[in-house]
1. For volume of the Cα convex hull per residue in Å³, which listed value, (1) 180; (2) 210; (3) 145, comes from the coordinates shown?
2. In the neighborhood of residue 285, defined by Cβ-to-Cβ distances under 13 Å, what is the net charge if each Lys or Arg adds +1 and each Asp or Glu adds -1?
3. Quick one: which residues, 5+ away or cross-chain, put their amide H under 5 Å from the amide H of residue 116? H built at 1.01 Å from N.
4. How would 203, 25, 252 rank on accessible area, largest to smallest, probe 1.4 Å?
5. What are the residues whose amide H is under 5 Å from the amide H of residue 197, where those residues sit 5 or more places off or on another chain and H is modelled from the backbone?
6. Show me, bin by bin at 10 Å from 0, the whole-percent P(r) of the range 16-136 based on Cα pairs.
7. Heavy-atom accessible area of residue 37 with all protein chains present, probe 1.4 Å, nearest 10 Å²?
8. For residue 270, list long-range residues whose amide hydrogen, built 1.01 Å from N in the peptide plane, is under 5 Å from its own amide hydrogen.
Amino acid sequence: MRKDGGVGYRAGYDALLLLSFGGPEGPQDVRPFLENVTRGRGVPPDRLDEVAQHYLHFGGVSPINRCNRELIARIEAELAAEAIDLSVYFGNRNWHPLVADTVATMAADGVRSALVFATSAYGGYSACLQYHEDIAAARAAVGPSAPRLVKLRQFFDHPLFVQANADAVRAALASPALASPALAGRLPRLVFTSHSVPVSADEVAGPPSDRGRRYSRQVAEAARLVAAEAGVDEYDVVWQSRSGPPSRPWLEPDIVDHLDTLHARGVAAVVVSPVGFVSDHLEVLWDLDDAARTHAEKHGMALVRAATAGSDPRFARLVVELVREHTAHAAPRALSAIPPAGAGVNGQPCAPGCCQPR
């Protein structure tokens, strides 16, 4: 391993793959995209029609691909600044560029071994294990020429992730929307939110020290760290974007229901931090900026939404720090006492079975 002006750090890796969820980039993409997302889950067509309207409300375009391309540009700049010679590729689970197509391109380009950054900070099935499944399926589709792919660790408690979210909370608390005379002397309530999942999916197997609700536990820990960094003593952790049948228990309370609770308690203003998300994609725009804000207005409550961490320059630096754990043996940085769920121990990659549901 060496560092110089031309070759840079490699340590056996040729590339970095940014792996994300994907989203439609035009009205014609919306229904096929939703069918990809829900394939095999028995979601009725009328539910797809309902969700399709959320996308069509924004012109049929999810911001997630644009956000990821902008992030890739910042990552490339950070890699260049660190003289880390890795090509950066982009692949998605549910929409173009699909990860299998990207892995095929990587193989054709001669990539033999690559690190994978998944755009989720947390453990759990959808947030972690399913990305391992995406990686395995893409490699199987490409065949023997597919490069080795190593998923980077979870980063919910990385100092740069915490700092970026905390500064976004501070900015939201200082918003002019919270400076009206009617709110004088009335502190806004800080509410952290993340994507709800079935309770059964939150329960993971593992050693006794880390068995149980990994995803929700990590979200709660991230919220605690961000609140402490922002200097806020009291806050709530709630959930959003539930899509399952009422008969199946999901993580609660929902953000809209919680606004009712806060209103009943006399809370006049709310700052919402979407700590469970790394970019302003459609579920943030629709569920928070539209549905939650409209519901708050019905109660006469002010609602300000904090920015997501992905647009902060420190987020690209975070990605490169995770890369350096593998290419330069950099010591992993974490602020939490929660066990790292089999991922990131001494810079080791995320273990494929670390988030297996119980």
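1. Answer by label: (3).
2. Every neighbour counted, the sum reads -2.
3. Excluding prolines and chain starts, which carry no amide H, the hits are 17, 150, 151, 152.
4. Final ranking, largest accessible area leading: 252, 25, 203.
5. 251
6. Over the range 16-136, the share of Cα pairs per 10 Å bin runs 12, 38, 35, 12, 3, 0 percent.
7. 40 Å²
8. Under 5 Å from the amide H of residue 270: 189, 302, 303, 304.
The values are calculated or read from the model by the stated rules, or taken from the named source; none is laboratory data. This structure is a prediction, so every number in the text was calculated from the model and none was measured. So basically every Cβ, Gly included, is an ideal-geometry build from the backbone, and we count neighbours across all protein chains shown. Quick note on the areas: whole protein, heavy atoms, side chains included, nothing else; ligands and nucleic acids left out. Shrake-Rupley method; radii C 1.70, N 1.55, O 1.52, S 1.80 Å.
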